[in-house]
Amino acid sequence: MGSELGITPDTKPAAVYSPVAIWWVVWGCLWTAVVASGVVFLVLRRNSPILRVRSLWLSLGAIGFLHIYFWSCQFGVMIGPLMPGDAQYWIMGTWLPCGLALFHGSNSYFLHIAKLQKKYAKYSFLTDSTPDVKRRQAGFLNRFRRMEYTTRVVVLVGIAMFVQILLTVLMWVISRKFHRGWGAPGTEVHGPEMAQKAEQGRGWEWWPGVFWQFFWSWVVAPLVLWNSRHIHDTQGWRSQTIGCAVSGLHATPMWLIALYVPAMEKVNAVWIPPQWICISIVFLEIFTVLLPCWEVMRHQSLHKDTLEAIKQWEARTKGNNSDNKSLGSTATMVDSMMSGWKSNSDSVLSDNSARESILNMSALEYVLERNPTPLQRFSALNDFSGENVAFLTSITEWKSLLPKALLEGDEATDDITKEMVREAFNRALYIYAEFISTAHAEFPVNISSQDLKKLDLIFEMPARILYGDEKAEVDPATPFNQPGMPSPTYSNFSESSVAAIKNRAQYMGDIPKAFTAGVFDDAENSIKYLVLTNTWPKFVKRQRRISTDSTETLHVEGNADFV
């Protein structure tokens, strides 16, 4: 048997220019061009809603590591006899396991996002109770838990990489296969140069790399797959997770079989053992690079169709003298959609006019006003954009609780009115910290820099005082111990517990004069349009599919009863 690059004791120490060797080099160049084009496409469109929620840089970094290994294997048949005996050992012992570690770390980000988004589907952000405040604990482990998820992933992956590289170096130092002058006695190999290279291409020195490949492919990947079994997202993440987990299972076992089973010698002549790992890398790149590209293009197509439907609806509405009739038609269509009922003949959701009546701002506002729960659950659990709908519903709830003086723009004169205005400001401050602030919000809504700057001028400093900020020179454990600032009824809260602080502390400083009942209007309109053109079409499409499936089921059951 030969090494993993197909080298045998009879191989001549010269480059191989056989049709097989040329084919693998050409294939490697073509596939590299495809992957590189996909990476450039994703980077250029990194601000797309489909990509903003992903750990794009972690994924692309992992693809970079894995593709270097892929590239070296495509040249293996051609230049394998000329490569140093330990070259592929170092490539497989460093680039491959490090790439797998980084890849599965980025892929687990899917579960993290899904877990965090669940909170947007459960409760009202202004009136529901919040958990008890937990005292901030010291220690390295607690500090690690308070890190951002991406940072924690990088730290853990970095530790795994360090251990793998350390073991790879240790095996190389111990074995005299790679150096005759020193190492453990009895580990050297003898014979001609090519015989030694063939022995260097396999053996116990490779087992640390084999262990990590098994660990990432047969432990971590199935675990992530199992934990994501109940998630059905619109981003393509679940499909990516399934594809990556399944495509990596065969790689290491087949690599070992190709190296140690004599019957594989004929196969190894045209398909060297590392190609079993490379085909797994190809599928990883398909699901990590090309699938998101397709999802972005599909999203752009849906976005374009939605804008066209809005345009047609607006043109039809302008030509209609009765606005009430249009609004009534929209309400009827939305109610039919939300009920999931469909007639036996023509669906109210299938024709073009019905589609135009649903894909417009009036329909969205009707749902947000009457029954936002289904849309909010869909956006959080399926679209991973729950912060947008939760922001809109929180604004609506906040406006319904505003005092009359603030609505009419009158100055508060008596103590009761002042207290009501302060309470409204604290509710608005929480909305800012939970949904808008880049320092406090887990998922800041995507508003323009101009709107963000305007809101920062009003709420940023009070938010720092109330919720703490590492960037500010305020002790997050006692942020109220500042001159002129009253202390709340508790202290030592965690700096990230914005929700826990909501009902337990009040900002008692001066309320900015720019604070009015319309302070969120621009941001609200921006996010409402974002929901209309991104989440709302997907929600309508799903409701249409549910309605169609229900009708088909009723039709089948009716025919069965008739028979």
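The values are calculated or read from the model by the stated rules, or taken from the named source; none is laboratory data. Just so you know, these numbers come straight off a predicted model, no measurement behind them. Heads up, the Cβs are rebuilt from the backbone with ideal geometry, glycines too, and the neighbour counts pull from every protein chain shown.
Any residue in segment 157-165 that is in contact with an Asp or Glu (Cβ under 9 Å, 6 or more places away or on another chain) and either farther than 25 Å from residue 13 by Cβ or in contact (Cβ under 8 Å) with a residue 40 or more places away in the chain (or both)? No, segment 157-165 contains no residue that is in contact with an Asp or Glu (Cβ under 9 Å, 6 or more places away or on another chain) and either farther than 25 Å from residue 13 by Cβ or in contact (Cβ under 8 Å) with a residue 40 or more places away in the chain (or both). Among the residues of segment 172-203, write down those that are free of Cβ contacts under 8 Å to residues at least 12 places away in the same chain and either over 14 Å from residue 84 (Cβ atoms) or more than 46 Å from the chain's Cα centre (by Cα) (or both). Matches in segment 172-203: 173, 180, 181, 182, 183, 184, 185, 186, 190.
For the residues 322, 357, 326, 345, the requirement of being modelled with pLDDT under 65, surrounded by fewer than 20 Cβ atoms within 10 Å (Cβ to Cβ), in contact with a helix residue (DSSP H, G or I) (Cβ under 8 Å, 6 or more places away or on another chain) and more than 27 Å from residue 114 (Cα to Cα) singles out 326. Note on segment 221-247: among residues that are in a loop (DSSP other than H, G, I, E, B) and not charged (D, E, K, R), the one that is farthest from the chain's Cα centre (by Cα) is 230. In the set (1) surrounded by 14 or more Cβ atoms within 10 Å (Cβ to Cβ); (2) among the aromatic types (Phe, Trp, Tyr); (3) modelled with pLDDT under 80, residue 536 fails one condition alone, (3). The criterion of at least 3 residues that are touching a Gly at 6+ places or on another chain (Cβ under 6 Å), acidic (Asp, Glu) and under 20 Å from residue 90 (Cα atoms) is met by none of the helices (runs of 4 or more DSSP H) wholly inside segment 1-76. Annotation: residue 59 fulfils all but one of (1) buried (at least 20 other Cβ atoms within 10 Å of the Cβ); (2) without any contact (Cβ under 8 Å) to a residue 12 or more places away in the chain; the unmet one is (2). Of the conditions (1) in a helix (DSSP H, G or I); (2) in contact (Cβ under 8 Å) with a residue 40 or more places away in the chain; (3) among the aliphatic types (A, V, I, L, M), residue 461 fails just one. Which one is it? In the conditions (1) in a helix (DSSP H, G or I); (2) in contact (Cβ under 8 Å) with a residue 40 or more places away in the chain; (3) among the aliphatic types (A, V, I, L, M), residue 461 misses (2) alone. In segment 365-410, which residues are hydroxyl-bearing (Ser, Thr, Tyr) and within 19 Å of the chain's Cα centre (by Cα)? Those that are hydroxyl-bearing (Ser, Thr, Tyr) and within 19 Å of the chain's Cα centre (by Cα): 379, 385. Any residue at all in segment 230-239 that is touching a residue at least 24 places away in the same chain (Cβ under 8 Å), crowded, with 21+ Cβ neighbours inside 10 Å and over 30 Å from residue 380 (Cβ atoms)? Looking through segment 230-239, none of the residues is touching a residue at least 24 places away in the same chain (Cβ under 8 Å), crowded, with 21+ Cβ neighbours inside 10 Å and over 30 Å from residue 380 (Cβ atoms).
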